[in-house]
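Enquirer: Take this structure first; my questions come after.
Only the coordinates and a few stated rules stand behind these numbers; no lab work does. Nothing here was measured: the structure is a model prediction, and the numbers come from that model. All Cβ positions, glycine included, derive from the backbone under ideal geometry; neighbour counts span all protein chains shown.
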Amino acid sequence: MHYPWWYVPFLNAPMLIAVIAVLHVLVSHYAVGGGLFLAVETSFAYRTKNKSYLDYLRQHAWFFILITVVYGAITGVGIWWTIGLASPLATETLIHAFVFGWAMEYVFFVLEIVSAFIFYYYWGRLDAKTHTAIGWIYAGAAWISLVLITGITAFMLHPGSWLESKNFWAGFFNPQFVPQVFSRTGGSFLLASLYVYLHAAFKVKDSAMRDLIAARSARPALLGAILVVLGGVGWFVFLPASAKAALAAASTLNLMMALIFALTVAVFALLYFGPYRNPGWLTPGFAIVLFVLGLAAFSAGEFVREAVRKPFIVYNVVLGNQVLAEEVPVLRANGYLESGSWMRAHVAARFPQAIENGKINEARLLELPKENQIELGEMLFQYSCNNCHAPKNGFSAASHLMRGWTTEMIRTCSREPEKLHFFMPPWAGTPEESELLTQYLISIAPAHPAGMYFGDER
Amino acid sequence: MNPSDLIGPSSSLGSPAPYWFLVFFKILGFVLHIIPMSLWYAGIILALLVRWKGGENGRIWSGRLMKQMPLLVALGVNFGIVPLLFTQVSYYQVFYPATILMAWFWLSVILLLTLAYYGVYIYAYGLKEGNSGLTPFRQAAAWIAAIFFIVIGFLFSNAFSLMTNLGGWPALAEKTGEAGAVLGTALNTGDSTLWARWLMMFGLALTTTGAYAYVDAGVFGRKESEKYRLWAGGFALKIYTLGAVWFALFGSWYVFGTWQEEVKATMFAMPLGILTVLTAVSPGLVWFCLWFFRKSVSKRAAFFVALTQLVVLSLNAVSRQIVQNLELGKFLDVTAEPVKMQLSPIVLFLLLFVFGIGVVVWMVRKVIAVETRPAAG
Ligand code: HEM
């Protein structure tokens, strides 16, 4: 509303965030865990003077750099790009609250890049002690960058006492911080092992070496899985009431939770009976199955973690329709169209007759011809509903959700969406505006499906 | 309609630090960004052309630059984050609308960059295997990377010129709109500032590439033959001359042809007139250094070239910031945002910043120790 709304047909702009975020986390956790893996294992290989393990680790370091420094880093920037486009008000808010958190993070990014390149390109040329030290600098910097970004993402779910104090640290060390650091750290251990298995299963022909790799990375993976679960429990315990309710109410989320649970059990079992007890199981097929299950669990977890924030983007601060929670009463009094710079400009350009003394006269909007009312309703839909619903077709399309609804039902939904479902934001405009939206919704709601028999006369 | 009606309210959270502090890091970050950025922007295409037509020494130069390119891209992208972060703190009211208007193009930067970056790796990997390594596939990858980087530069120039072209917003929003929302398919191509600026920035990138050819030969390439280093001195001068002429040409178009009266009135008057003149003539200083030292490529001379080019880039960065503020001045005073200081995070950031520099210096010294060690080990 403060910004132009980006209409992405079918998907809805915020879905792009979800897509890119998932594409990113699947690698960024490896960027942390893999760094730790390389640091620990190179120290071990130097200590045990295991030349062939060192050779493998060098190969792995190259794979690691190609994936994390390029894809991982750029998809990370990509998330930032998309949140600015699809969720500008929340991004503005987060950056105002945490710019120095990001600035600190940036220092560690630079450390990561420099150390990663030196670690790989000076392999064999630095003495063992310096080489492992550089590996540890990478691992340390990567983990701290995880902690820093987790403070900010956890804040979105539960800002804690920041809401009163607006204090950086109160926001950073929010109730969700510790649980999420646990699960993300665990996730890093776990994913790193899965990447190592995948890489080794294809690249290492010597079975003794493969067994060593399988055995060495099994414990961190199991530990990681335990940390994920512990963090997950903490996450649940410290969820705000609305998020717990969403988890209980939404069937998609229930399915997702069940899926995550099943996948986690499967991954844990495969790890335990596979690499931990029987390192010899590590074949390409096994590694692929493990990897795919792990990524699926991760993606589902990420999806749920995001979804339970509804109707907020930042809990109790920014609502899913790009308005600040504190603005809602003001918008109800002054009008949504009048308060949103881009909408007001559009109305003024399109319907100058509705402008009186430089302001929108809402009564006049309802005197416009029907098709113009529908047109304005469509704009209201774009700005206040398209965050979560496609209009006619696509992701959670509103028209299909309202199939067969009576006019009164539609009117209620437009006037008090938050009563219909607590995970929808409240209507942030005047009754006249809600009437415009209603006109639009009526125009797109399909009829009750034909041919259904309920015992009535044919 | 008055375009300033399109500017949303300012954030109730206030500015987390005084404007001067934020803009200092924004400018510092941009100077750090533009150095490696220039090398991939103008450098990759040049490296490919020179490899093709530049003789034996040209091939050495081209190979040296392209081997460094993976690191240069990694660093340059990272250094870009700083100015973008501070842009989003102080200029959010214009940055978000501008990028949303061109959303698909702006988002495509990410895809183009990923592909271009892998292209660089594919090529650089081939270089390791000598001449036979550069298969047609690897060469094609590098050409694609070169073109993508130039396209990305074009998109950046779009975003940053659209950010101050508020007068163009309403028409773009209507033209690419859908029920009052926008489709994100606009570009700022109707604004001549974009074209002048894009071409000017490319010229500036050429000068940096020229200066870097010299610095590389004088500092990092000390193991190359004397003959190569001498060639590099002459080559650097040629490229710099080309870049400086290009920069002067399109810079003049940019300044005289696209600046609005308010901007001219301030930038041509005292005291800022001095800055404008210095920004315009500063490449001459580097050119002189390159000309003077062209026959004796040494570490010391390289130091002078690097330092003077840094001055050129810093002057540009400061000037563009002032011009940006002047252009926005009609609509918005970015310096007037109330400050709600976040003192302890700032202090911690500064401490970590110094700590980070310390660790980087430590690591780089270890590398230098390896590089300068006699070849016995
Ligand atoms: C994704 C990583 C990148 C980030 C975060 C980034 C950030 C920035 C920022 C913030 C500016 C404006 C600085 C200011 O005015 O204060 C800028 C300018 C610029 N960047 Fe980058 N950049 C990135 C990648 C690239 C790439 C890959 C190119 C390709 C050539 C590029 C080319 C440019 C150009 C040409 C400008 C000047 C635009 C103009 O003013 O006309 N950048 N960049």
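Enquirer: Among the lysines, select those whose C-alpha is under 22 Å from the C-alpha of A:Lys49, and discard any that sit fewer than 8 residues away in the same chain.
Expert: A:Lys129, A:Lys203, A:Lys205
Enquirer: Taking θ as phi - 60°, what are the ³J(HN,Hα) couplings along segment A:202-210 by the Karplus curve (6.51, -1.76, 1.60), each to the nearest whole Hz, with x for Gly and Pro?
Expert: For segment A:202-210, the Karplus-derived couplings read 8, 9, 9, 8, 6, 6, 5, 5, 4 Hz, x marking Gly and Pro.
Enquirer: Taking every DSSP beta bridge with both residues inside the protein assembly as shown, roughly what % is antiparallel (nearest 5)?
Expert: Details: 7 of 10 bridges.
The antiparallel proportion sits near 70 percent.
Enquirer: Can you pull the mean other chain C-beta count within 10 Å for peptide A:376-384?
Expert: The per-residue average across the peptide is 3.
Enquirer: Per-residue ellipticity at 222 nm for chain A, helices alone: DSSP H runs ≥ 4 residues times -39500 (n - 2.57), over residue total, nearest 500 deg cm²/dmol?
Expert: Taken over chain A, the calculation gives -23000 deg cm²/dmol.
Enquirer: Relative contact order, percent, of chain B when contacts are C-alpha pairs under 8 Å separated by at least 6 residues?
Expert: This gives 21 percent for chain B.
Enquirer: Taking every residue in B:364-373, how many Cβ atoms of other protein chains lie within 10 Å of its Cβ, on average?
Expert: That average works out to 3.
Enquirer: Using Cα springs under 10 Å in a Gaussian network model of chain B, which residue among B:Phe355, B:Phe288, B:Phe160 shows the largest mean-square fluctuation?
Expert: B:Phe355
Enquirer: Sort the following peptides by mean Cβ neighbour count (other Cβ atoms within 10 Å, averaged over residues), highest first: A:334-342, A:227-235.
Expert: A:334-342, A:227-235
Enquirer: By how many nm would the segment from B:Glu261 to B:Ile147 lengthen if fully extended, with 0.36 nm per residue of separation less the alpha-carbon distance?
Expert: Numbers: separation 114, 0.36 × 114 = 41.04 nm, distance 3.52 nm.
Taking B:Glu261 through B:Ile147 to full extension adds about 37.5 nm, to one decimal.
Enquirer: Run the quick spin-label model on A:Arg58 and A:Glu418: label points 7 Å from Cα toward the beta carbon, then report their separation in nm to one decimal.
Expert: That separation, rounded to one decimal, is 6.3 nm.
Enquirer: Taking the Cα centre of chain B as the origin, how large is its charge dipole in debye, to the nearest 20, when only Lys and Arg (+1) and Asp and Glu (-1) carry charge on their Cβ atoms?
Expert: 1780
Enquirer: Please work out whether segment A:224-333 counts as rounded, prolate or oblate from its C-alpha gyration tensor, where a ≥ b ≥ c are the square roots of the eigenvalues and a/c under 1.5 means rounded, while otherwise a/b larger than b/c means prolate and anything else oblate?
Expert: Prolate is the answer for segment A:224-333, as a/c is 1.5 or above and a/b outweighs b/c.
Enquirer: Let me ask another. In the neighborhood of A:Val32, defined by Cβ-to-Cβ distances under 13 Å, what is the net charge if each Lys or Arg adds +1 and each Asp or Glu adds -1?
Expert: Within the 13 Å Cβ shell, the charges total -1.
Enquirer: Further question: In terms of the Cα gyration tensor, with a ≥ b ≥ c the square roots of its eigenvalues, is the protein assembly as shown rounded because a/c is under 1.5, prolate because a/b exceeds b/c, or oblate?
Expert: oblate
Enquirer: Residues with amide H under 5 Å of A:Val318's amide H, sequence separation 5 or more or different chain, H placed in the peptide plane at 1.01 Å from N; which?
Expert: Amide H neighbours of A:Val318, under 5 Å, 5+ apart: A:Ile313, A:Ala325.
Enquirer: Take every Cα pair under 8 Å in chain A that's 6+ residues apart, average their separations, divide by the length, and report that relative contact order as a whole percent.
Expert: Over chain A, the number comes to 17 percent.
Enquirer: Relative to the longest principal axis of chain B, what angle (0 to 90°, nearest 10) does the C-alpha long axis of helix B:136-162 take?
Expert: Once rounded, one gets 30 degrees.
Enquirer: Continuing with this model, one more query. What is the mean number of Cβ atoms from other protein chains located within 10 Å of the Cβ atom of each residue in peptide A:321-328, rounded to a whole number?
Expert: Details: counts 0, 0, 0, 3, 0, 1, 2, 0.
Across A:321-328, the average partner-chain Cβ count within 10 Å equals 1.
Enquirer: Rg and Dmax of segment A:144-270, using alpha carbons, in Å: what are they?
Expert: 17.9, 60
Enquirer: Here's another thing I want to ask about it. State the Kirkwood hydrodynamic radius of chain B in Å, one decimal place, computed from all pairs of distinct Cα atoms.
Expert: When all Cα pairs of chain B are included, the Kirkwood radius is 22.3 Å.
Enquirer: From the residues A:Thr153, A:Gly171, A:Thr132, which one has its Cα farthest along the dipole of segment A:37-195 in the positive direction, the dipole being from +1 and -1 charges on Cβ of Lys/Arg and Asp/Glu about the Cα centre?
Expert: Result: A:Thr132, furthest along the dipole toward the positive end.
Enquirer: Something else about it: Checking the table B:Lys175/B:Lys340; A:Lys310/B:Lys175; A:Lys244/A:Lys419 against a 28 Å threshold on Cα-Cα, which pairs fail?
Expert: Check vs 28 Å cut-off fails for B:Lys175/B:Lys340; A:Lys310/B:Lys175.
Enquirer: Here is a follow-up. Please give the charge dipole size of the protein assembly as shown, origin at the Cα centre, charges +1 on K and R Cβ atoms and -1 on D and E Cβ atoms. Round to the nearest 20 debye.
Expert: Charge dipole, the protein assembly as shown, about its Cα centre: 3800 debye, nearest 20.
Enquirer: Hey, another quick one. Where a ≥ b ≥ c are the square roots of the eigenvalues of the C-alpha gyration tensor, would you call segment A:309-450 rounded, which needs a/c under 1.5, or, failing that, prolate if a/b is larger than b/c, or oblate?
Expert: Oblate shape, in that a/c is at least 1.5 and b/c is the bigger or equal ratio.
Enquirer: By how many degrees, 0 to 90 and rounded to 10, does the Cα axis of helix B:55-90 deviate from the longest principal axis of chain B?
Expert: That works out to roughly 30 degrees.
Enquirer: If the cut-off is 14 Å between C-alpha atoms, which aspartates and glutamates fall inside it for B:Lys295, apart from same-chain ones fewer than 8 positions away?
Expert: Partners within reach: B:Glu226.
Enquirer: Putting +1 on Lys and Arg Cβ atoms and -1 on Asp and Glu Cβ atoms, find which of B:Ala232, B:Ala141, A:Leu247 reaches farthest to the positive end of the dipole of the protein assembly as shown.
Expert: B:Ala232
Enquirer: Between A:Asn361 and A:Ser207, what is the label-to-label distance in nm when each label sits 7 Å out along the Cα-to-Cβ direction?
Expert: With each label placed 7 Å out from Cα toward Cβ, I get 8.9 nm.
Enquirer: ³J(HN,Hα) across segment A:133-143 via Karplus (A = 6.51, B = -1.76, C = 1.60, θ = phi - 60°), whole Hz, x for Gly/Pro?
Expert: 4, 5, x, 5, 4, 4, 4, x, 4, 5, 5
Enquirer: Report the charge-dipole magnitude of chain A in Debye, nearest 20, computed about the Cα centre from +1 at each Lys and Arg Cβ and -1 at each Asp and Glu Cβ.
Expert: 1820
Enquirer: Amide H neighbours of A:Val204 under 5 Å, counting only residues 5+ apart in sequence or on other chains, H built in-plane at 1.01 Å?
Expert: Counting only residues 5 or more places away or on other chains, the set is empty.
Enquirer: B:Pro16: net charge of surrounding residues, Cβ under 14 Å, Lys/Arg +1, Asp/Glu -1, itself excluded?
Expert: Summing Lys/Arg as +1 and Asp/Glu as -1 gives +1.
Enquirer: Amide H neighbours of A:Tyr3 under 5 Å, counting only residues 5+ apart in sequence or on other chains, H built in-plane at 1.01 Å?
Expert: Here the answer is none, since no amide H 5 or more places off falls under 5 Å of that of A:Tyr3.
Enquirer: Placing one identical point scatterer on every Cα of segment B:1-82 and ignoring solvent, what is log10 I(q)/I(0) from the Debye formula at q = 0.19, 0.25 Å⁻¹?
Expert: -0.86, -1.07
Enquirer: A further question on this structure: State log₁₀ I(q)/I(0) for chain A at q = 0.06, 0.08, 0.13 Å⁻¹ as given by the Debye formula over alpha-carbon point scatterers of equal weight, solvent excluded.
Expert: -0.34, -0.56, -1.13
Enquirer: Of A:Leu331, A:Pro369, A:His400, which is farthest along the charge dipole of segment A:327-444 in the positive direction, counting Lys and Arg as +1 and Asp and Glu as -1 at C-beta?
Expert: A:His400
Enquirer: Further, regarding this structure: Would you work out the relative contact order for segment A:327-444, in percent, from Cα pairs under 8 angstrom that are 6 or more residues apart?
Expert: Averaging sequence separation for qualifying contacts and normalising by length gives 34 percent for segment A:327-444.
Enquirer: Still on this structure, I have one more. Please report the net charge: other residues with Cβ closer than 15 Å to the Cβ of A:Asp211, K and R +1, D and E -1.
Expert: Once positives and negatives cancel, what remains is +4.
Enquirer: Further question: Just to confirm the number: angle between the C-alpha axis of helix B:343-372 and the first principal axis of chain B, 0 to 90 degrees, nearest 10?
Expert: Roughly 10 degrees, rounded to the nearest 10.
Enquirer: Here is a follow-up. Just to check I understand the Karplus step: with θ = phi - 60° and J = 6.51 cos²θ - 1.76 cosθ + 1.60, what whole-Hz values come out for segment B:125-132, glycine and proline as x?
Expert: 5, x, 4, 4, 9, x, 5, 5
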